[in-house]
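See structure below.
Here, each number is a calculation from the coordinates, and none is a lab measurement. Predicted model only: the values in this text are computed from it and were never measured. Cβ placement follows ideal geometry from the backbone for every residue including glycine, while neighbour counts extend to all protein chains displayed.
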């Protein structure tokens, strides 16, 4: 689906000067009880960014209890590469430890308007799969949850 986004940048603030921001997100997949699961978190902040499917506009809205996000966040601009940032954010937000070589980059997203905060945010997305992720728990700025997504997988014993 093509989404046309109209966007006017907000003025810079001390927290978000007008720069390019680089962020990472991780799709952490595992199989538990024959179900494909993805680690998602609930942010603690008061707002969520959503794409209005009718208008295509990205906007901030009050956070709802059912708003979930992939683990991720901003790259530390000094001394941290993208993969290190992805590993750090995944661990900080879910307590899931992943080795850098187990992450696969699946995309880069940076359309104007995809983040309504000042500046422009470029996000690099990674996927990781492990059959033995630890049970996630709350990190510094998120509350964890494992969301079951997908279909039942066939039992290999049958």
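Brief remarks follow.
- Two-site label geometry, residue 88 and residue 108: point separation in nm, points 7 Å out along Cα→Cβ: 2.0 nm
- Take the Cα of residue 12, step 7 Å toward its Cβ, do the same at residue 81, and the gap between the two points is 3.0 nm.
- When only Cα pairs below 8 angstrom with a gap of at least 6 residues are kept, the range 26-150 shows a relative contact order of 37 percent.
- Pairs of alpha carbons in the range 26-150 whose separation is greater than 17 Å (percent): 61 percent
- In a fully extended conformation the segment linking residue 35 and residue 117 would gain 25.9 nm over its present Cα-Cα distance, using 0.36 nm per residue.
- Simple spin-label estimate for residue 127 and residue 20 gives 2.6 nm between the two label positions (7 Å along the Cα-to-Cβ direction from each Cα).
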